[in-house]
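Let me begin by presenting the structure, written as structure tokens, before commenting on it.
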Amino acid sequence: MDIRRLTDRLGGLAFGGDYNPEQWDEQVWKQDDELMRRARVNLTTVGVFSWALLEPEEGRYDFDWLDAHLDRLHANGVAVDLATPTASPPPWFTLAHPDALPVRPDGTRLTHGSRDTYCLTAPAYRRAARRIAGALAERYGDHPTLALWHVHNEYVTLCLCDHTAAAFRVWLRARHGSLDVLNEAWGTAFWSQRYTSWEQILPPRDSQWHRNPGQALDFSRFWSDETLAAYREQRDAIRVHSDLPVTTNLMVPGYQNLDLWAFGREVDLVAIDHYPGAPGLDAAAHAAFDADRARSIAAGAPWLLMEQGTSTVYAGGRVLAKEPGEILRHSLAHIARGSEGALFFQWRQSRAGAEQWHSAMVPHAGPDSRIFREVTAAGEAVARLGELAGSTVRAEVAVLHDSDAWWAMRVDGLPSSELDYFAALRGAHRALWDAGVTTDFAHPEQDLSRYRLVLAPALFLLTDAGAENLRHYVAAGGTLLVQHFSGMVDERLHARLGGYPAAPLREALGIRVEEYRPLRQDERITLSDGSTAGSWSESLRTEGAETLAAYTHGMLAGSPALTRHDFGRGRGWYLSTRLDDTGYAALVGHLLSEAKVSPELSGLPPGVEAVTRRAADGRSWHLLLNHRDEAVALPRPGHDLLTDGPLRELPPGGCAVLRAH
Ligand code: GAL
């Protein structure tokens, strides 16, 4: 889809959030109209959890109330991202279809009384979801205030019921063709797990000890495909009546039920929700991480931040408040990395109900509050950035990101509980972010030739095609860093024999890993170059590579820990342990300079983020975010769109958008 269609419709970047007027009355709606104008809201997501109101009993719809709100929003100049309400089936639905309630891995069937109480594979649920999506599209497909369709809400719910078992078997038949092939793939020769009929196969429910890893990985793949199929059904039901863009808000958390790459190909516009998992600088790094992931799965195209909190930082079982200035800074952090706007959950903080303590654009205290003043300032700022619409961000560095590798690292029985795909990805991204370099995520099998540097953290599962692609990337002149526990297994989770990682990659790296040796809990080691590390070590031999740092402890003393190999026109680096942050940052800094990658803007101190958005016609903008609590002089002053004037210095916690063309 041409994203310009949405931004042209909005007259610039999007600003707004989830709007649940059904929680309020007429007096509040009137105030909402006025406050939305004040805050420059131009897009609201409506109807996300409204199933019980829209369809009070099976097959009987009540659209009158929604008609009134859409007309009101339209009259107020606010466009609508209309959601299908399928993430929260009403009680009548689950009572009529108890088999559509989700079942946990331990066999417990949940009850209604919360949200997300559905099983995606239950035929009754799928029928009901298609029906209401189609009914909404038929009713509102031509409504002048509609700008976007929003299918469902964060597809995250897993279910291991008998419907799921049946659908899993259908998927397995299509993937493996025969039971012999499946038995071979899953290694069922061990532990007497051989299947002699399809009906014997279950989803990976709780069992006595380690569950079969092949079964677990295939289930993750199946679940993602099944979710995508459920999304497509609703999308296609909408398309019968409307040609507006369709999306779903992806949750991009630290676990993963969906193949984000596959979703990126199916939505008209990638949309994500982002809630930081720690305060301060880490929140900013986390926003950059998720924003870079969103842009990457959108294949570099603009995308949309569908949800964030005005004052929500989930950390250690608490919901921490955002500091003054962070509403704007976090919004711009996403816009800097390609988001076509900044939306929030939700417009008005609920007075009652399950999320009454979740922050909102209009807090309980009302508009006379710091939060609403900051929201209004952010709306004002975003309204000034219309000329950025449609521009995007280019990166010269990529971190490899693969759902199969991620899922593979969640199976039972791995050799260390410290092996953590998400932490490895975040660590690599963080080192690049700290260095002021913009990063893409890339799939291991995609064309990597546009990147000067590629990092491969914890790429445990790597296909033959992926290994060959990485070999080719180095041979053609790329610089590649592969980190420990990569290329260990193929797509069936079968170990690579004869030494790790997969052979084509060994050739590019000029090494052969003979033995993996997880370190003891809290064990610290020092390498010969003085850097320190923990968690993991490997016994490896160089086969052409040079050793840049060696182990100094135990039986590994003197053997290579960090290696570099000139291969073809490029260089393959291998890091066989987990360096501490300082050592890792130094290594990444070295790689960046070797690969001739410089920060987006030089001369900025740490804690000042800079990203450049570029338009197809050559215009470009530097977005600068000062995460420090002191003023920072700009190396190159420029015209700031936020203040519409020249800018020489960023105030403490301040932001700027400088025209660079
Ligand atoms: C999102 C969800 C919203 C709201 C929010 C609270 O994940 O889509 O509906 O629950 O979390 O943080």
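Below are the figures for this structure:
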item: Considering residues of the range 294-328 that are charged (D, E, K, R) and either within 11 Å of the ligand (Cβ to nearest atom) or crowded, with 23+ Cβ neighbours inside 10 Å (or both) only, the residue nearest to residue 44 (Cα to Cα); result: 307
item: Qualifying residues in the range 602-627 (those that are part of a loop (DSSP other than H, G, I, E, B) and under 26 Å from the mean Cα position of the chain (by Cα)) - the one farthest from residue 324 (Cα to Cα); result: 616
item: Segments classed as helices (runs of 4 or more DSSP H), wholly inside the range 1-70, with at least 1 members that are under 29 Å from residue 268 (Cβ atoms) and at pLDDT below 95; result: 4-10
item: Selection from the range 628-652 of residues that are under 18 Å from residue 379 (Cβ atoms) and outside any strand (DSSP E or B); result: 641, 642, 643, 644
item: Close pairs (6 angstrom Cβ cut-off, 6 or more residues apart or separate chains): among the aromatic types (Phe, Trp, Tyr) in the range 548-576, assigned to a strand (DSSP E or B) anywhere; result: 551/561; 573/481; 573/564; 574/482; 574/511; 574/563
item: Breaking point among (1) closer than 24 Å to residue 292 by Cα; (2) open to solvent by 20 Å² or more (accessible area, probe 1.4 Å); (3) of a type outside the set (Ser, Thr, Tyr); (4) within 16 Å of the ligand (Cβ to nearest atom), for residue 387; result: (4)
item: Qualifying residue in the range 100-115 (condition: outside any loop (DSSP other than H, G, I, E, B), over 26 Å from residue 236 (Cα atoms) and either within 28 Å of the chain's Cα centre (by Cα) or within 16 Å of the ligand (Cβ to nearest atom) (or both)); result: yes
item: Residue match in the range 266-277 (condition: open to solvent by less than 10 Å² (accessible area, probe 1.4 Å), touching a helix residue (DSSP H, G or I) at 6+ places or on another chain (Cβ under 6 Å) and closer than 19 Å to residue 371 by Cα); result: yes
item: Test for residue 165: is it open to solvent by less than 20 Å² (accessible area, probe 1.4 Å), aliphatic (A, V, I, L, M), more than 27 Å from the chain's Cα centre (by Cα) and more than 16 Å from the ligand (Cβ to nearest atom); result: yes
item: Restricting the range 50-65 to residues that are touching a residue at least 40 places away in the same chain (Cβ under 8 Å) and in contact with an Asp or Glu (Cβ under 9 Å, 6 or more places away or on another chain), the residue that is surrounded by the most Cβ atoms within 10 Å (Cβ to Cβ); result: 55
item: Among (1) assigned to a loop (DSSP other than H, G, I, E, B); (2) within 16 Å of the ligand (Cβ to nearest atom); (3) of a type in the set (A, V, I, L, M), the one test that residue 272 misses; result: (1)
item: Selection status of residue 286, within 16 Å of the ligand (Cβ to nearest atom), in contact with a helix residue (DSSP H, G or I) (Cβ under 6 Å, 6 or more places away or on another chain), modelled with pLDDT of 95 or more and open to solvent by less than 30 Å² (accessible area, probe 1.4 Å); result: no
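The values are calculated or read from the model by the stated rules, or taken from the named source; none is laboratory data. Keep in mind the model is a prediction, meaning the values are calculated, not measured. As a convention, Cβ positions derive from the backbone with ideal geometry for all residues, glycine included, and neighbour counts pool all protein chains shown. Just the protein is used for accessible areas: all its heavy atoms, side chains included, with ligands, DNA and RNA removed. Shrake-Rupley method; radii C 1.70, N 1.55, O 1.52, S 1.80 Å.
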